[in-house]
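J.: Handing you a structure now.
The values are calculated or read from the model by the stated rules, or taken from the named source; none is laboratory data. Keep in mind the model is a prediction, meaning the values are calculated, not measured. Please note: Cβ atoms are built from the backbone with ideal geometry, for glycine as well, and neighbour counts cover all protein chains shown.
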């Protein structure tokens, strides 16, 4: 990402509606599978400045938390913020031993220009223990690409079918797939239609308190529906849980 985006991420991820919703969605997905996850550490692959790892701490009693981040400054902030063990490296070549990790989370990482999704998924399969899980969040639909994607160096967005195919090629079995950020999708589309190239603002910014609370509440409703087993048919993001065969 551009350096300014890391600064904004570090400053806002604990209070901005999107990051709070993303972290809670990922935590809920992890909590749902922890009871059947093998013993061992949990890895955030592409951990940024550590907000997700910090949010996961209450769930990981007795489990070691790890992070991998390619940007050294972001990795340092992640260690400070989360207390996790952070390694500097790429998701294309995870610095972990084979079958050494019980669960892997990856939030909006496989979309980046420096990431090769098929290679990264092979790495996820390599380091996961048999029976281990991987939880992915991904931006959805190439036609939603925007100025924000350019600033954070997103080279691709995904559909459920496309990503399920990549998982199977890597030897991972999709067990749960749903779109989300669905109720706000019309607003996303409207913004993409009116924004103009390099003059458009990043999506990572300070929102008015009322709007921040409203958008956060909308994501909370979606999270509750997903927890009940509902599979949302469309949305700005794609949440996928996959498992490595025993």
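J.: Condition (residue is part of a helix (DSSP H, G or I) and modelled with pLDDT of 95 or more) applied to segment 88-111: is it met by at least one residue?
T.: No; the residues of segment 88-111 include none that is part of a helix (DSSP H, G or I) and modelled with pLDDT of 95 or more.
J.: Looking at 227, 217, 190, which is the one that is out of contact with any helix residue (DSSP H, G or I) (no Cβ under 8 Å at 6 or more places or on another chain) and within 21 Å of residue 25 (Cα to Cα)?
T.: Selected residue: 217, the only one of 227, 217, 190 that is out of contact with any helix residue (DSSP H, G or I) (no Cβ under 8 Å at 6 or more places or on another chain) and within 21 Å of residue 25 (Cα to Cα).
Per-residue answers, yes or no, for (1) closer than 18 Å to residue 49 by Cβ; (2) buried (at least 23 other Cβ atoms within 10 Å of the Cβ):
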| position | (1), (2) |
| --- | --- |
| 61 | no, no |
| 75 | yes, no |
| 86 | yes, yes |
| 93 | no, no |
| 96 | no, no |
| 101 | no, yes |
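J.: Hey, does segment 14-37 have a residue that's in a strand (DSSP E or B) and out of contact with any helix residue (DSSP H, G or I) (no Cβ under 7 Å at 6 or more places or on another chain)?
T.: No, segment 14-37 contains no residue that is in a strand (DSSP E or B) and out of contact with any helix residue (DSSP H, G or I) (no Cβ under 7 Å at 6 or more places or on another chain).
J.: Residue by residue through segment 112-142, note down the ones that are over 21 Å from residue 161 (Cα atoms) and assigned to a strand (DSSP E or B).
T.: Those that are over 21 Å from residue 161 (Cα atoms) and assigned to a strand (DSSP E or B): 128, 129, 130, 131, 132.
J.: Still on this structure: Looking at (1) modelled with pLDDT of 95 or more; (2) not in a helix (DSSP H, G or I), can you tell me which one residue 1 breaks?
T.: (1)
J.: Another question, then. Residue 157: buried (at least 16 other Cβ atoms within 10 Å of the Cβ) and touching a helix residue (DSSP H, G or I) at 6+ places or on another chain (Cβ under 8 Å), yes or no?
T.: Judged against the criteria, residue 157 is a match.
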